[in-house]
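Each value in this text was obtained by applying a stated rule to the coordinates, not by laboratory testing. None of the values given here were measured: they were computed from a predicted structure. For neighbour counting, all protein chains shown are included, and Cβ atoms are generated from backbone atoms with ideal geometry for every residue, glycine included.
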Amino acid sequence: MFDPFLEYLNKSIQAKGGTSLFVPKYFSNCLSKKGNSQIQSWLWDVPGFRRWRVTRLDAGNKLQVLNSVAYPQYNNDMPIMGIDLLWFESQGKLVSVLDFQPLKQDKIYLERHFLGLRKLRESFPELANQEHMNSFDPNQYFSPWVLFCKGGIEEAQGPLLLAFKDFLKIYLALQLSSSESPSDIEPEEVKLLHDSYDNYSLERDPAHGLFSAYFGQEWSDRFAREFLFPSHASSNTLD
């Protein structure tokens, strides 16, 4: 289902000058105990970003997942980019979240970084359903213009892919423009805000239960702490 999304994401990263980084095999490729599901993960070294990760879960017609998070360098206070796409084929059900996840919710910060995303959301009203985001507090690490959709095959094969491409273009353009002007937030505070984001996400990530069901509790706990959200307070080093 998400092959075109992953392909476009990889091409966008590479066009930005991104190169792949080593990921321990324990996290880069894991098969479920039954051998019918696989999760793969990648790390990218991308100019202007301190960390960019991508994860894909393939559980056949039961579940498809594509997740990616991009963390800008600490000297840039622009939002963190978050992508979550889930497709339950047997149910014909799509859940998608695309957002520039703000470090702060104040008006000045949002006006400085979110013009592009706001215009994009206006172009895709079918992706403006954040009131149904039950797993997260939309007022904390989500923007007022988060692209959220609960739909079916029509949304997955139609407006979502178009919005996804524009979403990445706008985010990379924001990185370029924001890197050319001073940040309002000092790098030390940006680091603390990134750490807080990882702590928040580690506690509330709805995908953790899915990963545990397919790959076991122990693996999923380590995957969350050490790969997905390694900047949380009790992070360990990948080995």
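P(r) tail, the chain: Cα-Cα pairs separated by more than 26 Å, 35% of all pairs. The length gained by stretching the chain between Ser177 and Lys34 to full extension, at 0.36 nm per residue less their Cα-Cα distance, is 46.7 nm.
Scalar couplings 3J(HN,Hα) for the stretch 140-146, obtained by applying the Karplus form with A = 6.51, B = -1.76, C = 1.60 to θ = phi - 60°, are 9, 9, 10, 8, x, 10, 4 Hz; x denotes Gly and Pro.
Amide H contacts of Gly152: Leu94, each under 5 Å away and 5 or more positions distant or on a separate chain (H built 1.01 Å from N in the peptide plane; Pro and chain starts excluded).
Remark: the stretch 95-106, residue by residue, has Karplus-estimated 3J(HN,Hα) of 10, 9, 9, 10, 7, 8, 8, x, 6, 9, 10, 6 Hz, where x stands for each Gly or Pro and the curve is 6.51 cos²θ - 1.76 cosθ + 1.60 at θ = phi - 60°. Residues of the stretch 76-112 with an amide N closer than 14 Å to a point placed 7 Å from the Cα of Leu192 along the Cα-to-Cβ direction: 104. In this structure the amide hydrogen of Gln73, modeled in the peptide plane, comes within under 5 Å of the amide hydrogens of Phe49, Arg50, none closer than 5 places in sequence on its chain. For the stretch 175-215, GluC sites (Glu not before Pro) are listed when DSSP marks them as loop and at most 14 other Cβ atoms sit within 10 Å of their Cβ; the list is Glu180.
Sorting the segments 47-56, 109-118 by their residues' average number of neighbouring beta-carbon atoms within 10 angstrom, most packed first, yields 47-56, 109-118.
With 29 Å as the limit on Cα-Cα distance, the pairs of Lys25/Lys62; Lys25/Lys150; Lys93/Lys191; Lys16/Lys104 that go past it are Lys25/Lys150; Lys93/Lys191. Relative to the current alpha-carbon distance between Leu162 and Asp58, full extension at 0.36 nm per residue lengthens the span by 35.2 nm.
Can you check what the net charge comes to around Ser96, using other residues whose Cβ is under 9 Å from the Cβ of Ser96 (Lys, Arg +1; Asp, Glu -1)? The answer is -1. Counting only DSSP H runs of at least 4 residues, each contributing -39500 (n - 2.57), and dividing by the residue count of the chain, the helix-based mean residue ellipticity at 222 nm comes to -11000 deg cm²/dmol. Residues Phe5, Phe100, Phe227, arranged from fewest to most other Cβ atoms within 10 angstrom of their Cβ, appear as Phe227, Phe5, Phe100.
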